[in-house]
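The values are calculated or read from the model by the stated rules, or taken from the named source; none is laboratory data. For clarity, every value in this text was computed on a predicted model and none was experimentally measured. FYI the Cβ positions are ideal-geometry reconstructions off the backbone, even for glycines, and counts take in every protein chain you see. Please note that ligands, DNA and RNA were not included when accessible areas were found on the heavy atoms of the full protein model with its side chains. Shrake-Rupley method; radii C 1.70, N 1.55, O 1.52, S 1.80 Å.
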Amino acid sequence: MPRDDLAVSVDKLRRVCDPAGFGFASTAELEPLEDVIGQHRAVAAIEFGIDIESQGYHIFALGPAGTGKTTVVRSYLSRKAEGQPVPDDWCYVNNFDNADRPHAVRLPAGMGQQLRADVDEFVQELGTEIPRALESEGYRQELEEVERDFGRRRQELFTALEQEAQKRSFRIIQTAQGLGFAPVRDGEVMTPDEYSKLEDEARRAIDEAQAELQEIMHEHMRRLPALQKEARQRVADLDRSTVGTAAGQLIDALKLKYGSFDVVQRFLDSVRADILEHAVQFKGGDHTEDGGSQATLGRLLESRDSPLDRYRVNLLVDNSQLEGAPVVLETNPTFQNLVGRVEHEARFGALITNFTMIRGGALHRANGGYLILDARDVLTKPYAWEALQRALKNKRAVVETMGEELRVTYTRTLEPEPIPLDVKVILIGEANVYYMLYALEEEFRELFKVKADFASTMDWGAECPRHFAQFVGSICQAEGLRHFSPGGVARVMEHAARAAGDREKLAIKFGDIVDLVRQAHYWAGKNGNGLVEADDVQRAIDEMTFRSNRAEEILRESITHDVVMIDTEGEAVGQVNGLSVLSLGDHVFGKPSRITARSAIGRAGVVSIEREIGLGGPIHNKGALTLAGFVQGRFGQDHPVTFTASITFEQMYEGLEGDSASSAELYALLSSLSGYPLQQQYAVTGSVNHFGQVQAIGGVNEKIEGFFDVCRERGLTGGQGVLIPRSNLRHLMLRGDVVKAVQEGKFAVYAVSSIDEGIEILTGRPAGTRGPDGLYSEGSVNRAVEDRLRAMADRERRFRRQQDDCDESAGGSDAIG
């Protein structure tokens, strides 16, 4: 029998946004939206996390993709950072005591760039001032004086040696082995023949004198290296004095300029000491009258590995261009992009490095401000998560190399001085990533104590239309799109409510809304409209659906051509149209399925074929088992319920999950047990509990529209419709063509809260209630089911009794035999 009281009225099938309520002619009239709509909870959490200065209050912004987490966080932080002080610059300079451990230098913003430029200029001036000093007349005179003094003292030694030789009648000669002595007779050097003809006594005297001279010569030669060392020391002192004077003037100028920075003062003192210690490098080995020192310095300055580079400044973080605290969005948070790296150069088959090859990472650039990272990206990059935790826990930015983490390389590298870290990190990710880290990572719970939970929907309240219109207007203004009319904004809002799956809410996946605004702008241009109207928005929606629904159309064709068997007219026992939802990428649509049930005498109870063969998922299997509980509870209070019934989804060859078809399965089972046919012009969705209450399901709009499209293809009769749970009424945001068909009486939607209400619509008979005699009313569905179950139970007992009697008779005959 018809249950018109359960039919859903047209006004409840779709919530309509009235354009007249906006109060503007175009979104161009509206002020741009500065606040974030629908994210009050998340924004409050971000404000708290940013303002609190205690350790460990970093932020994790979680929520579905497309809710604008990154955009919202970056926009909010940019506004917040504008009023905050610009953090200091950071530089690395050479550690002249241990080059492998460069020193970090902290300077006010902009001073780092200035110091680097000043030191670069200082290094360049070393190439002119020092050579000029080394080529000066005063330096040459002092150097010549040292050389003359050394020559004079060396000559004195040689003269004294000659005098000793003359006293003993010897002359100094040059041999292949060096200096030697030759005896002299009558003013001439004796020949070997003359020497051999001498008497033994004479030769012995000559030999003794020569030995004495050799000893004297050795004594003089031992004094010569001391003279040479003294001369070299005097030259070195002269070089240091000259170079020190020339460089000292430059260094003193820098010390005066940076007098208020102790760290720079210490660095410049170290530079001065190192220049004096290595003054010889400025002189080189080709000091000639044609400017040898100048040429040497020129080559040093042009060389890639010039020793003068040791005095330069490596500007690691330059904040000179900032107007507030830095907001850094690192899109590729690898280990090195986070903590920095030490670069190497290949030279003659070896890898070399120095402090000028240190490069900062995102932590260094964001120091004193904010760092935004995608949580999934950080977790999937090797060692990036560990490095981030270590930096935040220790509050130090340490430039490390990947090789140290992997322990696969032992190349010499640097250990730069760590930099104090003061940064607020905002991780962005999905909810499952947050809860996984919270459950498995103790350090995560200690470091990321602020959860900014971004919602995917917002309430459709009184102020919402105005804010939504401002949001649409902001998009148009930012991207140079056509502005929207009130009707256009209203249609976007209705689509957002449909996407939310709730007439009382709006989906705020901003990426999808922005895409719809862009496409509606395109179709407005095609239609020649100055403003985007409701028809342009609808065209954009229709075109998006058309581009994606090819699979849906193929499936619908298979139904209309009776390849997949679905009846939309007539009646059948134990057969009902169920509804499911398929999701193929960006397109979701409803699909009708035939559900059938067959019952017989037996004790197997309710058997789900999908459950038996493993096609049913755990939730679907739960729904199937609930049917048995319902039957036992309703019809098994006065007598045992013994029967066998099988239920299946016909022509279903993929896995099933969910219990949204459990009410349809129960309708088919009740029809099979009662023998009353079900009207095939209806489709059913809804889950059921043990007490026969119909519960809410998901995808209600797509399911209704899926069956409607099949009925429309075959021809609407005016009797077709869909049964949905009453608790799903607030989720209805049906397409306009479905609403129009209902309004014209060509289609219907029924909202039921119990199996009894649904079975009355499907069978046209009363469900029945128990009377004073404990029996259901005559002619009702429940009475027919109960009578059938009693009859099957009696037959089953009689059959078993007869079977037992036959077994006893057979046993007695065997005993007699």
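Data table
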| quantity | calculated |
| --- | --- |
| Single residue of A209, A182 found to be within 20 Å of L157 (Cα to Cα) and either part of a strand (DSSP E or B) or modelled with pLDDT under 75 (or both) | A182 |
| Counted residues, segment 742-785 - those being out of contact with any helix residue (DSSP H, G or I) (no Cβ under 6 Å at 6 or more places or on another chain), farther than 19 Å from Q680 by Cα and assigned to a helix (DSSP H, G or I) | 2 |
| Residue match in segment 122-132 (condition: hydroxyl-bearing (S, T, Y), within 30 Å of M190 (Cβ to Cβ) and either assigned to a helix (DSSP H, G or I) or open to solvent by 20 Å² or more (accessible area, probe 1.4 Å) (or both)) | no |
| Selection from segment 62-117 of residues that are over 31 Å from the mean Cα position of the chain (by Cα) and not in a loop (DSSP other than H, G, I, E, B) | V93, H103, V105, L107, M111, G112, Q113, Q114, L115, R116, A117 |
| Count of residues meeting criterion [of a type in the set (G, A, S) and farther than 23 Å from K395 by Cα] in segment 51-77 | 5 |
| Residues being within 27 Å of T245 (Cβ to Cβ), out of contact with any helix residue (DSSP H, G or I) (no Cβ under 8 Å at 6 or more places or on another chain) and not small (G, A, S) - total across segment 98-127 | 4 |
| Unique match (being modelled with pLDDT of 75 or more and open to solvent by 80 Å² or more (accessible area, probe 1.4 Å)) among L250, L256, L198 | L256 |
| In segment 24-41, residue farthest from V532 (Cα to Cα) [restricted to those that are assigned to a helix (DSSP H, G or I) and at pLDDT 90 or above] | R41 |
| Which listed residue is within 30 Å of L656 (Cβ to Cβ), in contact (Cβ under 8 Å) with a residue 60 or more places away in the chain and part of a helix (DSSP H, G or I), from R503, R556, R547 | R556 |
| N728 being under 17 Å from V742 (Cα atoms) and not β-branched (V, I, T) | no |
| Residues being assigned to a helix (DSSP H, G or I) and either farther than 22 Å from T769 by Cα or not β-branched (V, I, T) (or both) - total across segment 625-650 | 9 |
| Candidates K591, K622, filtered to the one that is charged (D, E, K, R) and part of a strand (DSSP E or B) | K591 |
| Lone unmet requirement of (1) of a type outside the set (A, V, I, L, M, F, W, C); (2) in a helix (DSSP H, G or I); (3) closer than 18 Å to K591 by Cα for G698 | (2) |
| The listed residue being open to solvent by 20 Å² or more (accessible area, probe 1.4 Å), touching a helix residue (DSSP H, G or I) at 6+ places or on another chain (Cβ under 6 Å) and at pLDDT below 95, out of G590, G658, G692, G585 | G658 |
| Residue selected from segment 344-362 under the condition closer than 26 Å to T331 by Cβ and assigned to a loop (DSSP other than H, G, I, E, B), by the criterion most open to solvent (accessible area, probe 1.4 Å) | H344 |
| Selection status of S672, closer than 27 Å to G633 by Cα, part of a helix (DSSP H, G or I), open to solvent by 20 Å² or more (accessible area, probe 1.4 Å) and not acidic (D, E) | no |
| Residues satisfying the stated conditions in segment 74-109, i.e. basic (K, R), under 22 Å from E330 (Cβ atoms) and in contact (Cβ under 8 Å) with a residue 24 or more places away in the chain | R74, K80 |
| Evaluation of I704 against (1) crowded, with 23+ Cβ neighbours inside 10 Å; (2) closer than 19 Å to G764 by Cα (one fails), failing number | (2) |
| Those residues of segment 612-652 which are among the polar types (S, T, N, Q) and more than 23 Å from D794 (Cβ to Cβ), in sequence order | N621, T626, T648, Q651 |
| Segment 495-509: number of residues that are closer than 15 Å to V700 by Cα and within 27 Å of the chain's Cα centre (by Cα) | 2 |
| Matching option when the condition is more than 60 Å from the chain's Cα centre (by Cα) and either small (G, A, S) or in a helix (DSSP H, G or I) (or both), among A253, A165, A246 | A165 |
